[in-house]
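Take a look at the structure set out below.
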Amino acid sequence: MTQTDKVDPVLRHEPADVATEHVRGIERHGRCPSRPWVQDTTPTASGLAFTLSRSAHNALWTTGITAAEITAVVAAFVTAGPNAAS
């Protein structure tokens, strides 16, 4: 058993991955109920910038999340535990 095997599966997620799924969960193109695709993730001085798209609408837009927001999202993800991750 390696050290990684001993870590809770929830804690194996990278903060950027958790932030990406959070952004996909809250962002929408207009009133479209479908989750957007993340085309690009770029680190910025204040956090992360995402380029999102919905091919069905030929839509492309950007949004961002600050480092403080990433910290809060990751903390909520870890607190929720593995049963809440999907």
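The values are calculated or read from the model by the stated rules, or taken from the named source; none is laboratory data. Computed from a prediction, not measured in an experiment: that's the story for all the values here. With ideal geometry, Cβ positions are generated from the backbone for all residues, glycine too; neighbour counts draw on all protein chains shown. Calculation scope for accessible area: heavy atoms of the full protein, side chains included, ligands and nucleic acids excluded. Shrake-Rupley method; radii C 1.70, N 1.55, O 1.52, S 1.80 Å.
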Residue count for segment 18-31, restricted to those that are over 27 Å from residue 79 (Cβ atoms) and either in contact with a strand residue (DSSP E or B) (Cβ under 6 Å, 6 or more places away or on another chain) or open to solvent by 90 Å² or more (accessible area, probe 1.4 Å) (or both): 2
Among the residues of segment 12-32, count how many are assigned to a helix (DSSP H, G or I) and not basic (Lys, Arg). 11
Out of 34, 46, 53, sole residue that is at pLDDT 95 or above and either exposed (fewer than 15 other Cβ atoms within 10 Å of the Cβ) or more than 12 Å from the chain's Cα centre (by Cα) (or both): 53
